[in-house]
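Peer 1: Below are the structure tokens for one structure; questions will follow.
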Amino acid sequence: MLHPTVRLIAWGVAVALVQGFPFLGLSLVCAVAVAAGAWFAPQRLGALLWRTRWLITSLVLIFALATPGVYLLPALGGYGPTVEGLQLGAAHLLRLIFVLATLAVLLQTTGVEGLVAGLHGLILPLAWLGLDRGRVAVRLMLVMQYAEHSGPGRHWREWLGSCDDLHAVGPIHLRQTRLALIDYAVLVGLTLCILAFLGAMP
């Protein structure tokens, strides 16, 4: 099992690299990501897609209606979608779905404590500037545990205004483990992928 910090780095690199994929490659990796999300984290994936449904809808509509090009429905004139707009909207939609699907898998396989431990390792360079990583990690874990254990219908103003029951989430455990050999191998592989991708760019 990879170190949580390496998982976060791998997820970030995947999200960054997928932005430059052509439409066919983007469709393939998105299909794989959705299949993985449906297998490993169906509830999380469904929740993420449901919560971003308006973002998804507006994303497609904005690109479809605001991108110049050949009108798909000439009778509507400037009020109709364009072929180029639909293509751009579909590409950005696939990128967003890829991010959500891979995020669902990351959250499911890493968990709250693992995710915070990964962030704790990720912000190591900031410790050189005097940042207290432990305090940041504990506060972040406290917020995430509170959000997970509180009801889904709770209003955000209640989260800000009533924090007396934060102790109900239980004790906080911050796992700190060293990188293994496979972690270093993955980091080297990710570095090579980034260099290869940058080298292939025109």
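The values are calculated or read from the model by the stated rules, or taken from the named source; none is laboratory data. Predicted model, so just to flag it, every value in this text is computed and none were measured. Note that we place each Cβ from the backbone using ideal geometry, even for glycine, and neighbour counts take in every protein chain shown. Each accessible area value is taken on the protein alone, full model and side chains, heavy atoms only, with ligands, DNA and RNA left out. Shrake-Rupley method; radii C 1.70, N 1.55, O 1.52, S 1.80 Å.
Peer 1: Given a 1.4 angstrom probe, I'd like the percentage of the accessible area of the stretch 22-61 that is carbon and sulfur, rounded to a whole number.
Peer 2: On the way: 2160 of 2750 Å².
So the carbon and sulfur contribution to the accessible surface is 79 percent.
Peer 1: I would also like to ask the following. What order, most packed first, do the peptides 131-138, 72-79 have when packing is the mean number of other Cβ atoms within 10 Å of each residue? Show your work: numbers first, answer last.
Peer 2: Numbers: 131-138: 14.1, 72-79: 9.4.
Put in order of decreasing packing, that is 131-138, 72-79.
Peer 1: Also, I was wondering about something else. Explain nothing, just compute: Karplus ³J(HN,Hα) = 6.51 cos²θ - 1.76 cosθ + 1.60, θ = phi - 60°, for every residue of the stretch 49-58 in order, whole Hz, x for Gly and Pro.
Peer 2: Listing the rounded values in order: 5, 5, 5, 9, 4, 6, 5, 5, 4, 5 Hz.
Peer 1: Using a simple spin-label model with points 7 Å from Cα along the Cα→Cβ vector, what separation in nm is obtained for Arg139 and Met1?
Peer 2: Taking the two extended label points, one gets 2.9 nm.
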